[in-house]
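Notes follow once the structure below has been shown.
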């Protein structure tokens, strides 16, 4: 068990642990979106795109500083996607030989292009991390695919075991059940990550070498790192390190390392038969003295015997040609992978261009359908520029109402969270989504503030409502409304529902519970939604004269005082009965009198 | 050879087992001694203990080694001062009493209307039950907890999926709260049984709710009803917000119709006073022979603490 494996196990376990802890009541001392907060690419892009510092920018800066000082260790030791790629590579893909370095130079530049392109898009206010950021891709994969599948199996096992548990008297176990979540956007999410893993057919850590913008960012920063790979005079020039490097960061001259490509995983050091490789601060200079090339065929065979198992050497001749054993003219300075000015400008321009094209999307201008955003979501333009589409809020949502958008807000809005009221309502006493959002696209609100964060208004579709259309008795929307915003009034011999707009919070309980098949007869539309970039929702609600009610005890209006005597009564006949029986529920026999 | 003693013993045994069975049958005969209804006013815990004591003590209802099911109203994620759910002290006191009586297990269940984790927490019931080891709190919000049962006495509701825990329990104690209801008029003990079925929607919109409540009550017969009228929700029921009146009253009895009927008189729902016979679902239950609609016919004991 190498140091790398130990660290990777620890960080991956932490990632999974935090993911599991992202659940009600969210009492984790470590923020559950820790990895997303640490991701410097997200902090950078979100800050630039929304023109405001994201709350987690300190964590991102911290990682930037560590990358400058210590190099690109994040990719090997922290990034959970990197760990998964390593596992996938060693498990499923028998590796072919690393190509000689100079062949893939342009490929390496691609990740810089992606990085600057994403940054360029951010400069125009458009987020592209949903397609390219590793932590976003992985977290979304967990939220949208792994989590529901795991719950499905868990519940299946629990169902199988239930009779036994009951028989054994294990009441808690026999009553174990977990609400089954379900999400949209399964195929796009799955295909992206499948694609990343399948790249292992070509090379180990293909994504990290050539595509990852975070890797590109860190590679640029790693130039000045204190920790570097050092090869001592003990080196025999066998080239095993070159073959064992998952990043292909060791060039033809295996005593050198390509700056920015080495992720400090120490594979080379572990496999070096001479123990000539170490990772030390740059102050210690070790002069690399080349041993005379006296390699006989025997030692070459020995060299091959040390090859790690996941590297299968199909092309031994290619090795021979490229190794220093056969090629003493190998250059002394490692080839440079540099972000040239041309590449920088063209990729920034490309990113900006793509962003401007996305911004022209009609959907995002013309709000189609009923796009309801979570309570505490900042105004739509900023929301789209802040949300990195990580999927953390999807996982934590208590009712499973939060769903990733497909094209409801245009291509730009793909994967941004929206509410699906017919699937589940938004619980008024829950504020989890804002608390886990790493960039503050959904503001973290205290429960009292959250209760005043109106997300829309319920609108009755009278042509579908059982009461309006079919003269049937139904009061479910009134029954379930937590804000007492539905009122029944006599209209044509029947009491029919009306929405009191000043009381409605848009929570969607009515839309969820409406018993009409198919589309609900009462739907929530974005009308009167409150989206404050900052400031108090309670104040705003007061200013707009919204009435989000609590149970009334003390405050009674004069009209009601006439109806209700203030003394605690034994239901005495002290006050005269109310003349107007129009407001009584149908469950009373009295209410049949009157209109 | 069957002699008189044997015959009477067998009859008593049959009566005893039928009284505690889950199969639909006429209500067991009222105990010859003791009150039929007990009403206590005062502190919640003392009131609960007092009513149970007056009815013969918990050992009348719970024997050692039995499986007890308590069904409070915890369907809404509101604190107890909203008057929309059963007060946690009532639930905890009953759990305590059952535990002292030697119950093998105490299951506290409800098929909640709102998100279950929130409901259990905000109602305060989860915290109140934490110290009890043999007590298990469960929001039975998954279909695998229910089983379809025919309701032979049902007029509107002929079959429905009922909580398995009820079918398997030895003792069932109903712990409703007292509130108004926008459709049924009032939600007391009989209405509280709706938290033990899977498909509540069907009853609300496709059939006559009032008759359906009675049909359900014809099958699910609590051994004891302890109604929490510490607060009464006078308007805006069942979920609130609405006007809450502090009554500090607990009503208990074996006859579920009588308990409900008495409780109707406790408060001025929607600003008016009603009798049990004014409420359709209570009348429907009476018409099915499930109990006494006129509480005056029973011996009522009132306690002031």
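The values are calculated or read from the model by the stated rules, or taken from the named source; none is laboratory data. The shown structure was predicted, so the numbers you read here are calculated from the model rather than taken from an experiment. Using ideal geometry, Cβ is built from the backbone for each residue, glycine included, and neighbour counts are taken over all protein chains shown.
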Item to check | Residue within the stretch B:226-241 that is surrounded by fewer than 20 Cβ atoms within 10 Å (Cβ to Cβ) and touching a residue at least 24 places away in the same chain (Cβ under 8 Å) present | outcome: no
Checklist entry - Taking the stretch B:246-274, which residues are free of Cβ contacts under 8 Å to residues at least 40 places away in the same chain and within 10 Å of another protein chain (Cβ to nearest Cβ)? => result B:246, B:265, B:268, B:271, B:272, B:273
Next on the checklist: Suppose we filter A:152, A:147 for residues that are in a helix (DSSP H, G or I) and within 14 Å of chain B (Cβ to nearest Cβ); which single one remains?
Outcome noted: A:152
Next on the checklist: Considering only residues that are more than 11 Å from chain A (Cβ to nearest Cβ) and not in a helix (DSSP H, G or I), which ones fall in the stretch B:189-212?
Outcome noted: B:197, B:198
Item to check | Among the candidates B:178, B:229, residue that is at pLDDT 95 or above, within 13 Å of another protein chain (Cβ to nearest Cβ), more than 12 Å from the chain's Cα centre (by Cα) and in a strand (DSSP E or B) | outcome: B:229
Item to check | Matching residues in the stretch A:400-432 - criterion: being within 14 Å of chain B (Cβ to nearest Cβ), buried (at least 21 other Cβ atoms within 10 Å of the Cβ) and under 18 Å from the mean Cα position of the chain (by Cα) | outcome: A:401, A:402, A:431, A:432
Checklist entry - Limited to the stretch B:284-302, what total is found for residues that are within 22 Å of residue B:157 (Cβ to Cβ) and either in a loop (DSSP other than H, G, I, E, B) or within 7 Å of another protein chain (Cβ to nearest Cβ) (or both)? => result 5
Item to check | Members of the stretch B:133-167 that are assigned to a loop (DSSP other than H, G, I, E, B), within 17 Å of residue B:201 (Cβ to Cβ) and within 14 Å of chain A (Cβ to nearest Cβ) | outcome: B:140, B:141, B:142, B:156
Item to check | In the stretch B:61-98, the residues that are over 17 Å from the mean Cα position of the chain (by Cα), under 20 Å from residue B:130 (Cβ atoms) and within 14 Å of another protein chain (Cβ to nearest Cβ) | outcome: B:77, B:78, B:79, B:80
Item to check | Residue tally, condition without any contact (Cβ under 8 Å) to a residue 24 or more places away in the chain and part of a loop (DSSP other than H, G, I, E, B), over the stretch A:428-458 | outcome: 2
Checklist entry - Restricted to the stretch A:459-478, and to residues that are at the interface with chain B (Cβ under 7 Å from one of its Cβ atoms), in a helix (DSSP H, G or I) and in contact (Cβ under 8 Å) with a residue 24 or more places away in the chain, which residue is surrounded by the fewest Cβ atoms within 10 Å (Cβ to Cβ)? => result A:466
Checklist outcome for this item: Within the stretch A:482-492, the residues that are facing chain B (nearest Cβ under 10 Å) and at pLDDT 90 or above are A:486
Checklist outcome for this item: Exactly one of A:456, A:508 is surrounded by 16 or more Cβ atoms within 10 Å (Cβ to Cβ), within 14 Å of another protein chain (Cβ to nearest Cβ), under 36 Å from the mean Cα position of the chain (by Cα) and modelled with pLDDT of 90 or more, and that one is A:508
Next on the checklist: Suppose we keep only residues that are within 19 Å of residue A:71 (Cβ to Cβ) and outside any helix (DSSP H, G or I) within the stretch A:1-46. Which one would you say is modelled with the highest pLDDT?
Outcome noted: A:39
Next on the checklist: Suppose we keep only residues that are at the interface with chain A (Cβ under 8 Å from one of its Cβ atoms) and in a loop (DSSP other than H, G, I, E, B) within the stretch B:102-132. Which one would you say is nearest to residue A:168 (Cα to Cα)?
Outcome noted: B:104
Checklist outcome for this item: For residue B:50, the lone unmet condition from (1) within 14 Å of another protein chain (Cβ to nearest Cβ); (2) under 28 Å from residue B:299 (Cα atoms) is (1)
Next on the checklist: So residue B:286 passes all but one of these: (1) more than 19 Å from residue B:224 (Cα to Cα); (2) surrounded by fewer than 24 Cβ atoms within 10 Å (Cβ to Cβ). Which condition number does it fail?
Outcome noted: (1)
Checklist entry - Quick check, is residue A:165 part of a helix (DSSP H, G or I) and without any contact (Cβ under 8 Å) to a residue 12 or more places away in the chain? => result yes
